[in-house]
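Undergrad: Mind looking over this structure? Questions follow.
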Amino acid sequence: MALMISFGPEVCNDLFAGTRREWLETNGLGGYASGTVCGVHTRRYHGLLIAAVRPPVSRSVLLAKLEETLVVAGHRYEFSANRYPGAIHPTGYLHLSGFRLDPYPVWTYRVAGVEVEKSVFMLHGENTTCIRYAARSVEGDLPPGLRLEIRPLTAFRDHHQLTHENPALDPTVCLEEGLVRLQPYPDQPALYLAHDAAAVTAAGDWYHRFQYSEEQARGLDFEEDLFSPCWFHFDLHASPEATLVASTERRDARHWESYRHQELQRRETLLTAAPAPDPLARSLTLAADAFLVARGPLTSVIAGYPWFTDWGRDTMIALPGLTLTTGREQVARSILLAFAGHMSQGMLPNRFPDAGEEPEYNTVDATLWFFEAVRALAEQTGDYAFVREHLYAVLKESVAWHRRGTRFGIAVDADGLLRAGEEGWQLTWMDAKVGDWVVTPRRGKPVEIQALWYNALRIMESLAARFGETTAEREYHELAERARESFNARFWNAEAGCLYDVVEENAGGESLPDPALRPNQVFAVSLPHTMLSPDRARQVVGAVEAHLLTPYGLRSLAPSDPAYRGRCEGDPWHRDGAYHQGTVWSWLIGPFLTAYLKVHGATPEARAQVRAWLEGFVEHLNDAGLGQVSEIFDGDPPHTPRGCIAQAWSVAELLRVLTELNN
């Protein structure tokens with residue numbers, strides 16, 4: 001079974017503990033629902049139905065939350081909780097006796113001898129969220145007159161924005177039997193609220209000045225108003241269950257049980273393909289499902305929830321862990337086809353914008369990770385016919401473009417290494433930028449780009465040999481050999497016993513190596529094809545372990561560096577200034593552990609050490625994004641989780657290494 005994540009009153013009734021833990025439901029379209037354990041929204045991205053209007057992007061917060069009141073013997077008990085200026089009101093979290101993921105979020109409230117269980121899940125493939133309340137008496141029968149009143153709060157806005165009371169809103173509510181329809185703005189989809197309430201009262205009101213503490217801490221706008229279009233009245237004495245189904249389509253609340261069964265069956269099926277029977281592997285298998293989304297008839301990968309879309313770099317890095325370790329080879333093919341169809345000038349898109357504009361191609365490494373993703377698929381499935389028919393020509397064209405030069409100064413130099421970079425652009429994965437300030441430009445020849453380029457050439461050499469292209473095989477071999485010789489001559493930092501991070505050249509051709517101790521060098525060991533001798537590889541892994549390893553991943557810069565920033569917090573300038581200057585990235589634990597096993601020979605002792613490092617993430621699954629792995633952590637202890645609460649490549653790399661250990 002997967003890890004059971006559950007909390008009692010010690011977390012649920014504690015505002016700090018309850019708000020730092022966030023739940024996430026997704027729908028396979030890029031839509032999602034999310035909030036905190038105690039019910040207080042801390043982000044603009046929290047809501048019960050954030051619909052992907054044009055999957056997997058254009059995400060809109062339709063149903064923000066529900067204001068719930070249980071009436072027992074004439075006494076009113078509020079279950080909701082909100083942060084307003086200077087106050088938390090109401091304080092419904094104090095009535096919580098428990099929260100669990102089972103496998104979706106379930107809250108248990110207890111007041112006046114009555115226990116109410118609330119559950120929330122999304123339907124896969126639909127912008128639909130199902131909410132169910134079930135009441136039972138702690139002792140004896142339910143009291144007469146037991147009622148539940150629910151007031152929906154709506155936003156109808158892009159999930160990156162905030163809304164305020166405005167005259168453009170149309171408050172019209174269309175009431176049908178078991179269904180409420182509203183569409184406050186013509187450029188937003190209609191929201192359908194299917195229900196089994198005894199009565200509905202159409203009475204529109206604005207609720208003002210909700211405050212989101214995480215947005216405030218991030219130096220962003222943090223206050224908004226929400227509109228409530230109606231009241232739902234449920235007679236729990238007559239029927240102890242109350243149902244709401246929020247959707248962009250017409251749904252029937254009477255089908256809630258079949259919706260639930262359908263979703264439970266789907267998730268149980270996912271677990272049959274977990275790479276190992278242990279709870280960590282099974283939990284990560286469920287977590288991986290959140291990131292695989294439809295893009296037209298094909299599949300893509302949401303880089304992270306709540307705010308990222310599908311990024312080329314993240315997708316290619318995450319693909320093996322999300323799909324090949326979880327028995328989804330056909331999904332892997334679909335993803336590769338989706339991105340191959342957008343190849344331009346030998347480059348894979350870096351990002352598909354949320355508003356649907358043309359893809360952006362400002363990356364040097366996304367394309368090189370594409371080669372590795374193709375290799376991983378072919379090696380696992382043996383489906384070289386698919387590679388030959390659909391991808392090989394694209395790969396060949398990409399190498400040709402890189403040799404003659406493509407966007408942003410990306411081109412093979414005379415020494416066989418790949419240079420990249422233009423003033424004002426950040427092309428590697430260390431891509432933070434604030435205004436005109438590129439925090440880590442890394443122009444020239446970054447170390448991981450050389451490792452990826454060499455790996456890509458060896459992959460092409462192997463494919464050419466398999467496909468009987470002798471001339472091409474020899475050409476790729478010669479290119480790879482030239483790169484290997486130049487790399488070892490120019491990148492080895494003998495004084496530090498590791499690799500330089502970037503090698504640049506001045507106008508006179510003099511080499512200017514950057515000795516900053518960063519994790520990028522680990523890819524020169526972890527990738528299937530390496531340019532390093534065993535001795536140098538061991539030294540690289542040793543340096544990374546000694547200076548960069550934390551329980552949750554690798555620091556992006558050694559603490560001894562003057563540019564090191566140990567906490568990634570504050571406004572965008574401070575956060576982005578620390579993003580790749582010491583912040584821990586959890587996805588990097590994957591290549592580090594692979595490299596560690598390589599240099600230590602995968603001995604029983606080495607494997608036991610790797611398992612111990614992996615088990616450290618079990619505790620994290622109970623914190624921050626529940627059941628998920630955070631994007632980043634502070635470089636300084638206690639390594640507070642930051643950034644996205646659920647990151648695709650973080651989950652994927654853990655799954656990939658777990659599979660490596662179990663093979």
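Undergrad: Hey, could you check the range 573-610 for residues that are part of a helix (DSSP H, G or I) and among the hydroxyl-bearing types (Ser, Thr, Tyr) and say which is surrounded by the fewest Cβ atoms within 10 Å (Cβ to Cβ)?
TA: Within the range 573-610, the match that is surrounded by the fewest Cβ atoms within 10 Å (Cβ to Cβ) is THR594.
Undergrad: For a quick check of your reading: which strands (runs of 3 or more DSSP E) sit entirely within the range 145-226 and have at least 1 residues that are acidic (Asp, Glu), open to solvent by 30 Å² or more (accessible area, probe 1.4 Å) and more than 21 Å from PRO240 (Cα to Cα)?
TA: 147-158, 174-176, 199-211
Matching residues to (1) surrounded by fewer than 21 Cβ atoms within 10 Å (Cβ to Cβ); (2) farther than 23 Å from PRO591 by Cα:
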position: ALA400; (1), (2): yes, yes
position: ARG404; (1), (2): yes, yes
position: VAL438; (1), (2): yes, yes
position: ILE449; (1), (2): no, no
position: ARG466; (1), (2): yes, yes
position: ARG484; (1), (2): yes, no
position: PHE487; (1), (2): no, no
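Undergrad: Restricting the search to the range 230-249, which residues are touching a Lys or Arg at 6+ places or on another chain (Cβ under 9 Å) and farther than 19 Å from ALA33 by Cβ?
TA: Applying the first criterion (touching a Lys or Arg at 6+ places or on another chain (Cβ under 9 Å)) to the range 230-249 yields 230-237, 240-245.
Listed by number, the residues that qualify are CYS230, TRP231, HIS233, PHE234, ASP235, LEU236, HIS237, PRO240, GLU241.
Undergrad: Does ALA376 satisfy the condition of being part of a helix (DSSP H, G or I), loosely packed, with under 15 Cβ neighbours inside 10 Å and of a type in the set (A, V, I, L, M, F, W, C)?
TA: No; evaluated as a whole, the condition is false for this residue.
Undergrad: Please find, among TYR93, TYR109, TYR133, TYR45, the residue that is assigned to a strand (DSSP E or B), more than 21 Å from TYR259 (Cα to Cα) and touching a strand residue (DSSP E or B) at 6+ places or on another chain (Cβ under 7 Å).
TA: Result: TYR109 is the single residue among TYR93, TYR109, TYR133, TYR45 that is assigned to a strand (DSSP E or B), more than 21 Å from TYR259 (Cα to Cα) and touching a strand residue (DSSP E or B) at 6+ places or on another chain (Cβ under 7 Å).
Undergrad: Could you list, in sequence order, all residues of the range 112-130 that are in contact with a Lys or Arg (Cβ under 9 Å, 6 or more places away or on another chain), open to solvent by less than 20 Å² (accessible area, probe 1.4 Å) and not in a strand (DSSP E or B)?
TA: Answer for the range 112-130, where residues must be in contact with a Lys or Arg (Cβ under 9 Å, 6 or more places away or on another chain), open to solvent by less than 20 Å² (accessible area, probe 1.4 Å) and not in a strand (DSSP E or B): just LEU123.
Undergrad: Right, here's the next one. Counting only residues that are hydroxyl-bearing (Ser, Thr, Tyr) and either modelled with pLDDT under 95 or open to solvent by 10 Å² or more (accessible area, probe 1.4 Å) (or both), how many does the range 616-663 have?
TA: 2
Undergrad: Here is a further query. Between residues in the range 615-640 that are closer than 21 Å to GLN581 by Cα and assigned to a strand (DSSP E or B) and residues that are β-branched (Val, Ile, Thr) and open to solvent by less than 10 Å² (accessible area, probe 1.4 Å), which pairs lie under 6 Å by C-beta distance while being six or more apart or on different chains?
TA: What qualifies is ILE632/THR583; PHE633/VAL584.
Undergrad: Kindly indicate whether any position in the range 540-552 is within 25 Å of PHE371 (Cα to Cα), in contact with a Ser or Thr (Cβ under 9 Å, 6 or more places away or on another chain) and either in contact (Cβ under 8 Å) with a residue 60 or more places away in the chain or assigned to a strand (DSSP E or B) (or both).
TA: Among the residues of the range 540-552, not one is within 25 Å of PHE371 (Cα to Cα), in contact with a Ser or Thr (Cβ under 9 Å, 6 or more places away or on another chain) and either in contact (Cβ under 8 Å) with a residue 60 or more places away in the chain or assigned to a strand (DSSP E or B) (or both), which makes the answer no.
Undergrad: Look at the range 142-169 and say how many of its residues are closer than 16 Å to ASP225 by Cβ and over 30 Å from the mean Cα position of the chain (by Cα).
TA: 6
Undergrad: Could you tell me which of the residues THR26, THR42, THR19, THR36 is under 22 Å from the mean Cα position of the chain (by Cα), free of Cβ contacts under 8 Å to residues at least 24 places away in the same chain and under 24 Å from ASN622 (Cα atoms)?
TA: That would be THR36, the only listed residue that is under 22 Å from the mean Cα position of the chain (by Cα), free of Cβ contacts under 8 Å to residues at least 24 places away in the same chain and under 24 Å from ASN622 (Cα atoms).
Undergrad: Can you spot a residue in the range 49-60 that is open to solvent by less than 30 Å² (accessible area, probe 1.4 Å) and more than 19 Å from the chain's Cα centre (by Cα)?
TA: no
The values are calculated or read from the model by the stated rules, or taken from the named source; none is laboratory data. A quick note: this is a predicted structure, and the numbers were derived from the prediction, not measured. Glycine gets a Cβ as well: all are built from the backbone with ideal geometry, and neighbour counts include every protein chain shown. With ligands, DNA and RNA removed, areas are computed over all heavy atoms of the protein, side chains included. Shrake-Rupley method; radii C 1.70, N 1.55, O 1.52, S 1.80 Å.
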